[in-house]
Amino acid sequence: MVVPCRHPEKVQPLCYAVNSADAVLIVIKEVNRELGESILAAAAAGHTKGLIVLQNYIQPEQVAPLLKNTSLAGIPV
């Protein structure tokens with residue numbers, strides 16, 4: 001497991017983590033800029049395997065538009 005500890009302060013750790021991973025685990029605590037960066041990075045790396053975990057009463061309908069037309073669209077939420 002690789003965690004981008006310095007993200008969102010620096011975007012490089014996110015890029016390293018996403019590019020070295022076989023699958024992604026995205027934990028969504030709130031819908032914000034950092035979430036968008038994480039989704040774009042994982043989609044740019046072409047990830048199609050993984051899991052998306054929702055916290056803080058976020059509903060799947062809230063994140064569905066963000067995942068639409070990306071390689072993450074088929075990942076279980």
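The values are calculated or read from the model by the stated rules, or taken from the named source; none is laboratory data. Computed from a prediction, not measured in an experiment: that's the story for all the values here. In this analysis, Cβ positions are derived from the backbone assuming ideal geometry, glycine residues included, and neighbour counts consider all displayed protein chains. Surface areas here come from the heavy atoms of the whole protein model, side chains and all, with no ligands, DNA or RNA. Shrake-Rupley method; radii C 1.70, N 1.55, O 1.52, S 1.80 Å.
Restrict the check to the stretch 10-31 and report whether at least one residue is under 18 Å from V77 (Cα atoms), free of Cβ contacts under 8 Å to residues at least 12 places away in the same chain and not basic (K, R). Scanning the stretch 10-31, I find no residue that is under 18 Å from V77 (Cα atoms), free of Cβ contacts under 8 Å to residues at least 12 places away in the same chain and not basic (K, R), so the answer is no. For the stretch 51-77, the set of residues classified as open to solvent by less than 30 Å² (accessible area, probe 1.4 Å) and without any contact (Cβ under 8 Å) to a residue 40 or more places away in the chain consists of I52, I58, V63, L67, listed by residue number.
Quick check on the stretch 39-50: of everything there that is among the aliphatic types (A, V, I, L, M) and out of contact with any helix residue (DSSP H, G or I) (no Cβ under 7 Å at 6 or more places or on another chain), which residue is most open to solvent (accessible area, probe 1.4 Å)? The qualifying residue most open to solvent (accessible area, probe 1.4 Å) is L40.
Checking the condition among the β-branched types (V, I, T) and either open to solvent by 90 Å² or more (accessible area, probe 1.4 Å) or under 20 Å from V3 (Cβ atoms) (or both), which residue from V27, V31 passes?
Numbers: V31 fails: either open to solvent by 90 Å² or more (accessible area, probe 1.4 Å) or under 20 Å from V3 (Cβ atoms) (or both).
Matching residue, one of V27, V31: V27.
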